[in-house]
Amino acid sequence: MPELVSRQRVHTELDEARIAFHRLVAGATDTELRSASDGTRWTNEELLFHMLFGYLIARPLVVLAGVFSRLPRGASRGFASVLNSATPLFDEVNYLGSRAGARVVGRRRMDAMLDRVIGSLHRRLAAETEAELRRGMHYPLRWDPFFKQFMTVADLYRYPTQHFGFHRRQLTLGDVQPVPSEEER
């Protein structure tokens, strides 16, 4: 059985990312938000939405892992394989979705959305049993650098903050303190 990271550590990581996100949004000028990010095709505002989206999809990923963990292991392997084959389509939908999301949601509502989704993740994590946290499924490795071949529900609670930290380094906003990486903590 894989060793689980403490729930408190995950709760702390979620809160640190929430605070950092609020600082990023509050400290960004309109010009900075419209500026290109570093290493992506997104503007800073679009990348901020993409970072928020990592948290928005965490809960459905947890539910999906719960479902697939009850099926034969080959089911999630096959599902991950199909998703890997659709990577070019996923990449385009991922790109366009974050562009559209930034325009529809806008900077002012991103903070509130993040607060709601992180609150939801806190409540759900607190209610998970140890057995539920150990459930998991295979994931498409080509979709995200933080997806592992097999991810537990516990891994999925940490995923959005890893995703957030990675993309935080690609923002080209003013002098806003970055979220410390896992190694820096």
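Read the figures in this text as sums done on the coordinates, not as results from a lab. Bear in mind the structure is a predicted one, so any value in this text is a computation, not a measurement. Here Cβ is always computed from backbone atoms with ideal geometry, including for glycine, and neighbour counts include all displayed protein chains.
General remarks:
- Karplus 3J(HN,Hα) series, Hz, for segment 9-23 with 6.51 cos²θ - 1.76 cosθ + 1.60 (x for Gly, Pro): 4, 5, 4, 5, 4, 4, 5, 4, 5, 4, 5, 4, 4, 4, 4
- Backbone phi angles across segment 53-67, fed through the Karplus curve with coefficients 6.51, -1.76 and 1.60 (θ = phi - 60°), yield HN-Hα couplings of 4, x, 6, 5, 8, 4, 5, x, 5, 5, 4, 4, 5, x, 5 Hz in residue order; Gly and Pro are listed as x.
- Residues D30, D15, D111, D155 arranged by fewest to most Cβ contacts within 10 Å: D30, D15, D111, D155
- Cα long-axis angle, helix 73-85 against the chain (0 to 90 degrees, to the nearest 10): 30 degrees
- Simple spin-label estimate for N94 and A127 in nanometres, 7 Å along Cα-Cβ: 3.0 nm
- Rounded to the nearest 0.05, the FRET efficiency derived from the C-beta distance between S35 and V104 at R0 = 25 Å is 0.80.
- Trypsin sites (Lys or Arg not before Pro) within segment 53-98: DSSP coil, no more than 15 neighbouring Cβ in 10 Å: R70
- The GluC sites (Glu not before Pro) of segment 3-68 meeting both criteria, a DSSP state outside H, G, I, E and B (loop) and at most 15 other C-beta atoms within 10 angstrom of the site's C-beta, are E3.
- The phi-based Karplus calculation (6.51 cos²θ - 1.76 cosθ + 1.60; θ = phi - 60°) puts the 3J(HN,Hα) values of segment 31-47 at 5, 5, 5, 7, 6, 5, 7, 9, x, 10, 8, 8, 6, 4, 5, 5, 5 Hz, whole numbers, x for Gly and Pro.
- Counted residue by residue at 0.36 nm each, then reduced by the alpha carbon distance between them, the extension gain from L56 to R73 reaches 3.5 nm.
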